[in-house]
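Since the structure comes first, as structure tokens, the remarks are kept for the end.
The values are calculated or read from the model by the stated rules, or taken from the named source; none is laboratory data. Because the structure is a prediction, the values reported are computed rather than measured. A quick note on method: Cβ atoms are made from the backbone with ideal geometry, for glycine too, and the neighbour counts reach across all protein chains shown.
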Ligand SMILES: Cc1cc2nc3c(=O)[nH]c(=O)nc-3n(C[C@H](O)[C@H](O)[C@H](O)COP(=O)(O)O)c2cc1C
């Protein structure tokens, strides 16, 4: 048995067994399984698809991804082939993958989300559905993740349309009151939360005086958002999900196993990695191994015993 699959780091996410808590974040590891070229997916807990919309989207014009000293700024704009082509041409491959697939759904309207989520619901290749209501890079990408009333309306329509799968709702730290939005998601029937998406941000070239991204602003990810994301996970776990036993996928700026351990202690059941994959595609392996040794040093039989186990200051 490899350390990446040691029983002490196995976990269960809304009923889905993961061999370790490391999840590839939506949009950062290809559309589905392309990351297998860099690291065997046997070593990963779960992979999240690119966010898929009802219609195909070309995304924004270049430049749409830039590197900053503190992380990455992107305005990809949900480039994807659309749900019909994705489900027909790509998703069947997920049946052969050695780890569960979290299918990410995005949209501009309630009908869009219902269409994409119900298309995934009927497919056994998708283990879970993640509703991305927090994309800062399209005209309407943040609307449902920024207004509790709209989020409640969205879940009122999507929840009954999804019969077979558990639903995660992904929120952004740029949204107003994240605790309230998390409460709304849980009250609306979310089975889990993914915290966090990128943070709305802007970078300007002083010479041209133009934004560096063609769209203007974009979404900040990487080390700069890590402590903010840890606080969000901690607050939401303490105030919303702990009592309801709702799992959280914590993500934002994981570059070392210690960052992932912070998310676990703050209350996350699993930990996503996005920007870190661009820096080191083998990072998920290092994080899984680091978590395994840490769990052993902490003297617990299962990493689940460390979820939310931060000591008081
Ligand atoms: C290039 C890029 C594309 C992304 N595309 C998506 C996406 O399609 N859907 C989504 O929910 N999040 C998307 N994200 C956000 C990530 O999944 C993740 O929530 C965010 O980057 C924070 O994690 P990180 O700091 O580890 O990158 C994207 C991020 C990046 C950097």
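What the table below lists for this structure:
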{"quantity": "Test: residue 174 is in contact with a strand residue (DSSP E or B) (Cβ under 6 Å, 6 or more places away or on another chain), within 16 Å of the ligand (Cβ to nearest atom) and over 20 Å from residue 106 (Cα atoms)", "calculated": "no"}
{"quantity": "Residue within segment 80-92 that is modelled with pLDDT of 95 or more and under 30 Å from residue 204 (Cβ atoms) present", "calculated": "yes"}
{"quantity": "Pair list, Cβ under 6 Å, 6 or more apart: segment 216-230 residue touching a residue at least 60 places away in the same chain (Cβ under 8 Å) and at positive phi, other residue in a helix (DSSP H, G or I) and within 10 Å of the ligand (Cβ to nearest atom)", "calculated": "222/275"}
{"quantity": "Candidate set from segment 166-214 (those that are within 16 Å of residue 51 (Cβ to Cβ) and assigned to a loop (DSSP other than H, G, I, E, B)); member that is modelled with the lowest pLDDT", "calculated": "172"}
{"quantity": "Residue match in segment 42-57 (condition: in contact with a strand residue (DSSP E or B) (Cβ under 7 Å, 6 or more places away or on another chain), touching a residue at least 24 places away in the same chain (Cβ under 8 Å), away from the ligand (no atom under 13 Å from the Cβ) and over 26 Å from residue 87 (Cβ atoms))", "calculated": "no"}
{"quantity": "Count of segment 136-161 residues which are buried (at least 21 other Cβ atoms within 10 Å of the Cβ), closer than 20 Å to residue 118 by Cα and touching a residue at least 40 places away in the same chain (Cβ under 8 Å)", "calculated": "4"}
{"quantity": "Checklist (1) touching a helix residue (DSSP H, G or I) at 6+ places or on another chain (Cβ under 7 Å); (2) part of a loop (DSSP other than H, G, I, E, B); (3) more than 10 Å from the ligand (Cβ to nearest atom) applied to residue 29, failing item", "calculated": "(3)"}
{"quantity": "Segment 11-26, residues that are part of a strand (DSSP E or B) and either out of contact with any helix residue (DSSP H, G or I) (no Cβ under 8 Å at 6 or more places or on another chain) or more than 14 Å from the ligand (Cβ to nearest atom) (or both)", "calculated": "11, 12, 13, 16, 17, 18, 23"}
{"quantity": "Lone unmet requirement of (1) out of contact with any strand residue (DSSP E or B) (no Cβ under 8 Å at 6 or more places or on another chain); (2) within 20 Å of residue 109 (Cα to Cα) for residue 179", "calculated": "(2)"}
{"quantity": "Filtered residues of segment 156-172 (kept if within 18 Å of the chain's Cα centre (by Cα) and more than 14 Å from residue 196 (Cα to Cα))", "calculated": "165, 166, 167"}
{"quantity": "Members of segment 216-248 found to be within 13 Å of the ligand (Cβ to nearest atom) and either surrounded by fewer than 16 Cβ atoms within 10 Å (Cβ to Cβ) or within 30 Å of residue 62 (Cβ to Cβ) (or both), listed by number", "calculated": "218, 219, 220, 221, 222, 223, 224, 225, 226, 227, 228, 229"}
